[in-house]
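Worksheet for the structure shown next.
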Amino acid sequence: METKTLSKAAPAGARLAYIDNIRWTVIAMVVLMHTCVTYSGMGSWFYVEKTAQDIASTLVFGIYQSFAQAFFMGLLFFIAGTLIPAAYDRKGFLRFMADRAVRLGVPSLLFMLILDPITNIIRKIGTGEGVEWAGFTMGYRDFVLSGRFLGSSGPLWFAVALLVFTAVYALVRLAADLLRGAASRKPAATPRIFTARAINFGVICVIALIALAAFLVRLVQPLGTSVMNMQLGYFSSYVVLFAAGLWAGRNGLLAAIPAKVGRTWLWLSIGLGLPVWLLLLGLGGALSGGGDLYMGGWHWQAAGFAVWESFFCVAFSLGLLIVYRERVNMKNRVTGLLSHTGFGVYTFHAPILVGVSMLMLNVAMHPLAKALVVAGIAWAVSVAFAWVVRKIPGVGRLFA
């Protein structure tokens with residue numbers, strides 16, 4: 001199989017292999033995350049299986065879900081942010097927003113109106129609850145006409161939020177261009193040179209900003225609560241990292257970060273992340289029923305968790321980006337397939353995962369083993385399904 005190793009930098013608008021690779025990797029982690037929720041009972045998902053948990057499964061599920069939740073969606077928002085300035089430069093306000101409305105809005109509506117009901121039907125049939133079709137038809141009509149479908153975005157909350165973030169950016173760009181009397185399409189700035197000290201200082205500032213914002217937001221919107229399927233308690237990192245991505249994309253930051261700086265932050269996140277997390281849980285009473293203290297409010301546990309989460313999010317994301325830039329910056333048939341089906345996997349994995357979970361419902365396995373098997377099958381089927389969808393004329397480009 002031919003493998004091409006590509007340049008770390010690319011012309012505006014060109015796809016970067018390592019960015020594509022890290023994106024499909026994170027999306028695979030999302031599938032695994034939702035499978036872990038299914039078999040751990042920690043978190044919210046369409047179907048949660050009641051299984052006996054031993055110490056090992058509780059610890060492994062807790063570590064994976066806590067650490068993945070801390071960084072992976074923020075990283076996706078950062079990556080999305082890096083790509084937006086050049087896209088706006090090429091297309092201008094109207095074409096840019098029309099393109100984003102289609103590429104993000106249509107999949108979101110597809111999930112709300114079709115995939116969410118299908119996923120729930122699969123769950124009801126699989127668990128033996130059954131579906132009363134006459135009642136379902138009336139309920140679906142009310143679901144749509146009442147607007148309740150807007151809160152049923154499932155995993156596509158990400159696309160909805162990204163569309164909102166993107167619209168805000170585009171409006172700010174439009175207003176700035178009008179005030180300056182400048183053309184709406186400007187070439188991106190040439191890559192700048194950054195010292196390691198400047199980058200490290202910037203990383204610390206971003207960590208501090210996210211931690212402070214997360215603590216304050218969680219005073220009124222604790223973790224575990226949501227508004228229109230948006231868990232606002234996590235949005236501090238999403239907003240800040242999206243904005244950081246915009247700046248990084250405009251200034252060529254990803255190509256300019258020294259590899260040593262990225263590796264240092266990666267090792268710091270790994271070396272400090274787990275022991276500090278365990279210390280927080282042990283000293284804060286999480287193991288003795290005090291889990292709510294970490295969710296938000298004027299508690300040192302909530303403040304400590306916000307700091308830990310922000311540190312791991314930024315440090316690990318930066319390190320992962322640099323490792324992929326240096327080590328996984330290649331393209332072959334397999335990575336090309338996974339890159340081009342990534343958003344399709346993200347969009348369609350919910351009904352597929354619930355369907356596989358239903359097929360495995362009566363299979364007796366250790367919860368960790370079952371989670372790995374189900375996640376692997378669901379991810380593979382999602383890739384195959386997304387590949388088929390990509391072949392449909394006029395539709396496939398929505399799920400690249």
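Before moving on, here are some points about what is shown:
- Structure remark: mean-square fluctuation, Gaussian network model of the chain, C-alpha springs under 10 Å; the largest value among Arg325, Arg197, Arg23 belongs to Arg197.
- Our helix-only sum for the chain, with -39,500 (n - 2.57) per DSSP H run of n ≥ 4 divided by its residues, gives a mean residue ellipticity at 222 nm of -23500 deg cm²/dmol.
- Axial C-alpha extent at least 27 Å, average Kyte-Doolittle at least 1.0 - helices from the chain (DSSP): 157-180, 196-220, 259-284, 367-390
- Think of the range 78-178 as a dipole: +1 on every Lys or Arg Cβ, -1 on every Asp or Glu Cβ, centred on the Cα centre; then among Leu150, Gly128, Val106, Val106 lies furthest on the positive end.
- When peptides 163-175, 239-251 are sorted by average Cβ neighbour count within 10 Å, with the highest value leading, the order is 239-251, 163-175.
- Close Lys pairs in the chain (alpha-carbon distance under 16 Å; sequence gap of 8 or more, or different chains): 6.
- Label zone of Ser226 (point 7 Å out along Cα→Cβ, amide N under 18 Å): in the range 327-360 this covers 346-355.
- Relative packing of 300-313, 129-142, 200-213, which averages over residues the other C-beta atoms within 10 Å, highest first: 300-313, 200-213, 129-142
- Spin-label model, Lys260 to Ala400: label points 7 Å out along the Cα-to-beta-carbon direction sit 3.9 nm apart.
- Label sites at Arg148 and Glu326, each approximated as a point 7 angstrom past Cα along Cα to Cβ, lie 5.3 nm apart.
All of the numbers you see were taken from the coordinates with simple rules; none came from a lab. As the structure is a computational prediction, the values presented were derived from the model and not from experiment. For neighbour counting, all protein chains shown are included, and Cβ atoms are generated from backbone atoms with ideal geometry for every residue, glycine included.
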